[in-house]
Structures are given as C-alpha cells and as structure tokens.
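Here's the structure we're looking at; comments come further down.
The values are calculated or read from the model by the stated rules, or taken from the named source; none is laboratory data. No experiment lies behind these values; they were computed from the predicted model shown. Note that each Cβ is placed from the backbone with ideal geometry, even for glycine, and that neighbours are counted across all protein chains shown.
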Amino acid sequence: MLQGRELSLEDDFLGLEGCNEILNATRPDVLADIHDAYFAVGVDAVETNTCGAYWSTSPTAASTTGLKSSPGRVRRSPANAPEAAEAVDGRMRWVLGSMGPGTKLPSLGHTSYDYLKQTFALQAEGLIDGGADAY
C-alpha cells in the first residue's frame, strides 16, 4: 500500500530510498490511513511499519543511511496504530510489531549473532514502549 502512494524520495523518505520506517516520523498520516483501510475491511490485526527497524536501532546500519540510531522511531510506529485500532466499531483489534534484521546478516558474514541479538532487543523494547500488542 505504501507503493501505491505518491511519496517523494526527498521529502517523505528524506532521500533514504527503501527506508520505509522513516515514514513513522515524516508521514504518520499515510501509515494511519493504511491501518484504517485494513480495519475498515474487517482485519483484526495490523503490523507496524518497522520491518526494517534494524535501520533505526543498529548503529552500524543507521550509519549506512546517515541516520543516527534511534529506537524512538520504532516506538512511534506502534504508537500510531493503536489509535486506529481503538477507533473502529468497538471491536478488539491488535497491533503486531514487526521486527527484522535489515540487510546485515550473520549467515553472510555481515555481522555477528550477538550484535543482531542486541539490535533485536532494542527493537523489542521500542515496540513494547510504543504499545504493540505482540512482536
């Protein structure tokens, strides 16, 4: 659904091609619209826009984009979704936190399992703090 939006690489993605979680800060309205669309057709759970959260939490990955490591970007995503979840017809809805390793994989020698474990812990902390129901 993000690809169907007319989002600007420079303004919306801040020049960071493929860094979808930057939209948590720059275009939370677009993400809320997408969550609302899913809830409107009867979906009971939506996923946070944090699949690439590794970019936000890992100093190594963040440095490849010029971003500072910021678990706060992870916290913002689930914080947007619960508002949409609670606003729909009084039904119980869930916000599922999405976690991902990004492009640096230990199996390919890009990083270590210990380092990846640390970044996943930061992602989980951000999702919990942001109000995700599960991750």
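Listed by first and then second residue, the pairs with beta-carbon distance under 7 Å, at least 6 apart or on different chains, first residue in segment 12-28 and over 14 Å from residue 48 (Cβ atoms), second among the acidic types (Asp, Glu) and part of a loop (DSSP other than H, G, I, E, B), are 26/12; 27/12.
Kindly provide the set of residues from segment 90-135 that are small (Gly, Ala, Ser) and closer than 27 Å to residue 37 by Cα, ordered by number.
From segment 90-135, those small (Gly, Ala, Ser) are 90, 97-98, 100, 102, 107, 109, 112, 121, 124, 126, 130-132, 134; that's our starting set.
The answer is 90, 97, 98, 100, 102, 124, 126, 130, 131, 132, 134.
Summed over segment 101-132, the residues that are in contact (Cβ under 8 Å) with a residue 40 or more places away in the chain, in a loop (DSSP other than H, G, I, E, B) and out of contact with any Gly (no Cβ under 6 Å at 6 or more places or on another chain) give a count of 5.
Could you pull out the residue among 119, 111 that is over 20 Å from residue 45 (Cα atoms), of a type in the set (Val, Ile, Thr), more than 19 Å from the chain's Cα centre (by Cα) and crowded, with 16+ Cβ neighbours inside 10 Å?
Values: 119 fails: more than 19 Å from the chain's Cα centre (by Cα).
Within the list 119, 111, the selection yields 111.
Residues that are modelled with pLDDT under 85 and out of contact with any Asp or Glu (no Cβ under 7 Å at 6 or more places or on another chain) within segment 93-109 comprise 97, 99, 100, 101, 102, 103, 104, 105, listed in sequence order.
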